[in-house]
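Report on the following structure.
The values are calculated or read from the model by the stated rules, or taken from the named source; none is laboratory data. Quantities reported herein were computed from a predicted structural model and do not represent experimental measurements. All Cβ positions, even for glycine, are placed from backbone atoms using ideal geometry, and neighbour counts span all protein chains on display.
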Amino acid sequence: MKKFLLLILFLIPFSLFLTGCGSDKDKIKVGTIKYLNVTETALAEIYEQKLNMNYGGESHEYIFFDNMNAMAAALNSGQIDEISTYESVAEYIELRNGNIDWTMTEPELTNMFCCAMLKDDSDLKKEFDDAISNMTADGTLAQLVKTYINDFTHDQTPKIIHMPKFDGAETIKIGVTGDLPLLDYISPDGVPAGFNTAVLAEISNRIKKNFMLVQVDSGARVTALSSEKVDVIFWAVVSEDKRIGDIDRPEGVIFTKPYFSDEIVHVRLGTRN
């Protein structure tokens, strides 16, 4: 079972501050988890042309990765200059190792997180939507965010939460990646834990179906769905900026209502002053 970003970052020599890499000094190379409905070139065009995001005059080249392990290794080796991820992920990295230095992108972008499934599963989507709506209305989602993300401290380990079991109920296979701790976390021994399991356990309780969690690479999310390896993917993203479009929603895939939102940040290796 793969080990994710946390373990790799513990092995990275943080004394080196990478201000640039490669021979192309005109562009900052930014690694990001692969979006499912846009190319690397198209993503750069969306950010820099459609949104006029020039990051203080610096042009960015985006490089897709299937998982956080490969992206962290590329950052360590100097193949990329920065990682594009989410604020909750960056804060987790910062909590676990004080030598990480990270900065916000300008202007800030926010993505909303949804569950993804095939369009034929519209009935299941409605069940998820109803559960997420009710969890939002009664404050359950806000409490889960507070407990498992906002109040998380460096001396904690994301809690392993077991899925409810319902005798005779349908089993839904949920794909989780482990590539966005604390949002989507898988422990070093391969067990999903923390926020993702807490949210899914609550949805399971509300729709009275059994959930089986299956680990997949982020870049293989749509393949896992189309091959029926999983029925649902936890997570897929929709930008709050409508100009960006469905960069993470391939044809034939439907999204639930959002259960979380977070701002994009860029992470760069460094030593704190």
*Within the stretch 220-254, which residues are of a type in the set (Gly, Ala, Ser) and either touching a helix residue (DSSP H, G or I) at 6+ places or on another chain (Cβ under 9 Å) or part of a loop (DSSP other than H, G, I, E, B) (or both)?*
Ser227, Ala236, Gly245, Gly252
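For the stretch 149-173, name all the residues that are at pLDDT below 95 and outside any loop (DSSP other than H, G, I, E, B).
Within the stretch 149-173, Ile149, Asn150 qualify.
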*When you scan the stretch 203-232, how many residues do you find that are buried (at least 18 other Cβ atoms within 10 Å of the Cβ) and closer than 18 Å to Ala142 by Cβ?*
1
_Lone unmet requirement of (1) of a type outside the set (Phe, Trp, Tyr); (2) surrounded by 16 or more Cβ atoms within 10 Å (Cβ to Cβ); (3) part of a loop (DSSP other than H, G, I, E, B); (4) in contact with a helix residue (DSSP H, G or I) (Cβ under 7 Å, 6 or more places away or on another chain) for Gly178_ = (4)
*asked:* Give me the residue from the stretch 15-71 that is over 14 Å from His266 (Cα atoms), within 22 Å of the chain's Cα centre (by Cα) and of a type in the set (S, T, N, Q) and, out of that set, modelled with the lowest pLDDT.
replied: Asn69
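Confirm whether Thr147 is of a type in the set (Ser, Thr, Tyr) and either surrounded by 14 or more Cβ atoms within 10 Å (Cβ to Cβ) or touching a Lys or Arg at 6+ places or on another chain (Cβ under 8 Å) (or both).
The answer is yes for Thr147.
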_Pairs please, first residue from the stretch 234-248 and in the same structural domain as Cys115 (by TED's automatic domain parsing), second anywhere and assigned to a strand (DSSP E or B) and small (Gly, Ala, Ser), Cβ atoms under 8 Å, 6+ apart in sequence or on different chains._
Phe234/Gly175; Trp235/Ala116; Ala236/Ala116; Glu240/Ser261; Gly245/Ser239; Ile247/Ser239; Asp248/Ala236
*Which condition does Leu200 not pass, out of (1) buried (at least 21 other Cβ atoms within 10 Å of the Cβ); (2) of a type in the set (A, V, I, L, M, F, W, C); (3) not in a helix (DSSP H, G or I), if it passes all the others?*
(3)
